[in-house]
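As structure tokens, the structure follows; a few thoughts come after it.
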Amino acid sequence: MSLLEISGLTKRYRSVQAVEDVGLTVGEGEVVGLVGESGSGKSTVLRCVLKLVRPDSGSISFAGKDVLRMRGAAARAYRQDVQMVFQDPLGSLNPRMTVEQLVGEGLVVHRRLPDARARRDRVVELLGMVGLRPADLGRFPSSFSGGQLQRIAIARALAVGPRLLVCDEVVSALDVSVQAQVLNLLLDMRDELGLSILFVSHDLAVVNYLCTRVAVLRSGRIVEEGTREQVFGHPRHEYSRELLAAVPDPERVLSARSH
Ligand SMILES: Nc1ncnc2c1ncn2[C@@H]1O[C@H](COP(=O)(O)OP(=O)(O)OP(=O)(O)O)[C@@H](O)[C@H]1O
Ligand SMILES: [Mg+2]
């Protein structure tokens with residue numbers, strides 16, 4: 001049994017078939033990439049997993065439990081087990097909140113660590129994990145770079161101890177050198193915390209760098225799925241080959257790792 005199991009997922013918006021019959025699994029400690037062009041349905045899959053959007057049909061299970069039927073306490077537990085990081089950190093982090101408030105918010109919302117001092121200690125620990133300093137506690141989002149903001153967003157997501165991290169284009173807005181740092185941080189978190197990651201991106205170089213398994217989405221359907229080596233080395237589907245051919249340098253981010 002995989003940690004996350006999606007099967008037959010279908011979602012239609014009026015005239016648009018956003019996602020059709022999508023099946024996907026993410027195992028414990030696995031990093032799975034979901035790639036496809038703009039409009040192929042990547043974010044719709046994530047929104048269904050996050051219970052932000054209700055699919056028309058299909059099933060989603062997490063640790064063997066039916067996600068779509070979760071209510072009350074089960075849904076609250078699920079909202080801690082599955083955390084998300086998005087593309088635009090400045091847009092997704094409240095500009096009026098300090099780093100301490102932002103990173104500690106999940107702990108407050110889910111009534112974990114009600115003691116302010118214990119919560120601050122935990123926030124400092126989280127900042128250390130993502131490479132930020134205790135001196136950053138009182139700073140506001142506008143004073144950080146894009147890469148630092150994604151570190152804050154990752155610390156915020158990790159605060160309540162999730163088992164699955166769902167990432168939507170999290171490095172797309174960053175410079176290439178900073179991309180590698182944030183991707184390496186995600187891999188470190190996977191190793192240290194045993195985190196599973198479902199990583200959505202239109203950027204094949206990034207997915208090639210990060211993911212052990214890859215699914216290719218086209219017009220709402222998965223046209224190819226396999227290990228990174230299979231999909232990037234020997235793509236079976238014509239569409240995957242076209243996607244790969246359109247990448248100027250798939251090894252781009254990979255080469256940044258040695259620096
Ligand atoms: N709330 C909505 N109402 C109507 N149509 C929607 C809605 N959300 C998504 N769609 C449509 O569903 C399709 C899939 O959208 P989705 O956002 O999942 O694609 P995506 O792969 O994440 O694209 P991008 O790479 O641009 O983020 C698109 O045609 C989109 O226009
Ligand atoms: Mg999207």
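The values are calculated or read from the model by the stated rules, or taken from the named source; none is laboratory data. Predicted model, so just to flag it, every value in this text is computed and none were measured. Glycine also receives a Cβ, built like all others from the backbone with ideal geometry; neighbour counts cover every protein chain displayed.
Annotations for the structure displayed:
- Selection within segment 155-169: residues that are of a type in the set (A, V, I, L, M) and more than 16 Å from ligand 1 (Cβ to nearest atom). The member of this set that is surrounded by the fewest Cβ atoms within 10 Å (Cβ to Cβ) is 160.
- Top-ranked residue of segment 61-76 - restricted to ones that are free of Cβ contacts under 8 Å to residues at least 12 places away in the same chain and part of a helix (DSSP H, G or I), ranked as surrounded by the most Cβ atoms within 10 Å (Cβ to Cβ): 74
- In segment 1-12, the residues that are outside any strand (DSSP E or B) and exposed (fewer than 14 other Cβ atoms within 10 Å of the Cβ): 1
- Looking across segment 13-55, the residues that are farther than 26 Å from residue 247 by Cα, surrounded by 15 or more Cβ atoms within 10 Å (Cβ to Cβ) and hydrophobic (A, V, I, L, M, F, W, C) come down to 48, 49, 50, 53.
- For segment 82-98, taking the residues that are crowded, with 16+ Cβ neighbours inside 10 Å and in contact with a Pro (Cβ under 8 Å, 6 or more places away or on another chain), the one that is modelled with the lowest pLDDT is identified as 89.
- Residue 58 surrounded by fewer than 18 Cβ atoms within 10 Å (Cβ to Cβ), more than 16 Å from ligand 2 (Cβ to nearest atom) and either under 16 Å from the mean Cα position of the chain (by Cα) or of a type outside the set (Asp, Glu) (or both): no
- Residue selected from segment 120-154 under the condition crowded, with 20+ Cβ neighbours inside 10 Å and polar (S, T, N, Q), by the criterion farthest from residue 38 (Cα to Cα): 148
- Within segment 42-88, being closer than 18 Å to residue 156 by Cβ, within 16 Å of ligand 1 (Cβ to nearest atom) and not polar (S, T, N, Q) holds for 46, 50, 52, 84, 85, 86, 88.
- Looking across segment 109-142, the residues that are among the hydrophobic types (A, V, I, L, M, F, W, C), more than 22 Å from the chain's Cα centre (by Cα) and closer than 28 Å to residue 77 by Cβ come down to 113, 116, 118, 124.
- Residue match in segment 16-25 (condition: part of a loop (DSSP other than H, G, I, E, B) and at pLDDT 95 or above): no
- Verdict on residue 176 being crowded, with 19+ Cβ neighbours inside 10 Å and not aromatic (Phe, Trp, Tyr): no
- Scan of segment 32-52 for residues that are within 12 Å of ligand 2 (Cβ to nearest atom) and hydrophobic (A, V, I, L, M, F, W, C), ordered by number: 34, 35, 45, 46
- Those residues of segment 61-87 which are under 13 Å from residue 168 (Cα atoms) and more than 11 Å from ligand 2 (Cβ to nearest atom), in sequence order: 83, 84, 85
- Long-range neighbours under 9 Å by Cβ, at least six apart or interchain, first residue touching a residue at least 60 places away in the same chain (Cβ under 8 Å) and at positive phi within segment 151-175, second assigned to a helix (DSSP H, G or I) and away from ligand 2 (no atom under 16 Å from the Cβ): 161/80; 161/81; 161/193
- Where a residue in segment 20-31 is without any contact (Cβ under 8 Å) to a residue 60 or more places away in the chain and its partner, wherever it lies, is assigned to a strand (DSSP E or B), with Cβ under 6 Å and at least six apart: 25/5
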